[in-house]
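Heads up, the thing below is written out as structure tokens.
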Amino acid sequence: MNWKEDLSYIRAIRPYILLSVCLFLAAAALGFVFSIRHPELAAATVGDVAEKLRWILELSPEKMMLAIFVNNLFASAMALLLGVGFGIIPLIVVVVNGLVMGLVVHQAILAAGLAFVIVAILPHGIIELPTVLVCIGVGFRLGHLMILTLLGRGGDLGGELKAALRLLRWVVLFLFIAAAIETFITPFLIQPFIQPAPDLQSLSVME
């Protein structure tokens, strides 16, 4: 399957990708609003997440990039491949990460301003987030096909699973590029905003 066929498959499952985008945005909005209404609790939650990921910041740049890449690839592949389990895993992945993103964005705005958030997230996020959301959309598609298959209503689950697996080579490439940007470019971009900086860079890593 060449890249044109991969792109054609992605276009064919656009409703599922749109569903993943809508769920992510809704969860992010919910997390943002929760942080506005309960800032102290939100700050504690973000602190707990940051503490879980602190070990990544203590690595060498090369190992940090690898850790970010592997972590994001694992979450994306899990959402994609385990979508056959009725779409439950991709649903959990998109909702949890949307909520965390909403909390983090609001807390980062409070701590360092909107410009910091844009500079810290946008360069790698513009590659990473669409890649992850496509994986989640594929997971939803596979989950739907599994349900249709069990109901005896047809659907080439095996064929679509193979198409989904072929997409993983693009997922690997794009997530590697995003991890490289986050590790080697983002730290320089955010330097003007650090006084000292809130410990939020690593929070873009998918849970």
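None of the figures in this text is laboratory data; all of them are computed from the coordinates on show. Source: prediction; values computed, not measured. Cβ sites come from the backbone with ideal geometry, for glycine too, and all protein chains shown count toward neighbours.
For this structure, a couple of remarks:
- Summing charges over all other residues whose Cβ lies under 12 Å from the Cβ of L80, with Lys and Arg as +1 and Asp and Glu as -1, gives +1.
- Overall form of segment 1-92 per C-alpha gyration tensor (a/c, 1.5; a/b vs b/c): oblate
- Globularity index of segment 79-161 is 1.43 (Cα radius of gyration / 2.2 N^0.38 Å, N = number of residues).
- Normalised by 2.2 N^0.38 Å, where N is the number of residues, the C-alpha radius of gyration of the chain stands at 1.07.
- Counting neighbouring Cβ atoms within 10 Å and putting the fewest first, the residues T45, T149 line up as T149, T45.
- Dipole in debye (nearest 20) - segment 3-201, about Cα centre, beta carbon charges: Lys, Arg +1; Asp, Glu -1: 580
- Partner aspartates and glutamates for K4 [C-alpha distance under 12 Å; skip if fewer than 8 residues away on the same chain]: none
- For T183, net neighbour charge (Lys/Arg +1, Asp/Glu -1) across residues whose Cβ lies under 14 Å away: -3
- Taking label points 7 Å from Cα along the Cα-to-Cβ direction, F184 and R37 give a separation of 4.4 nm.
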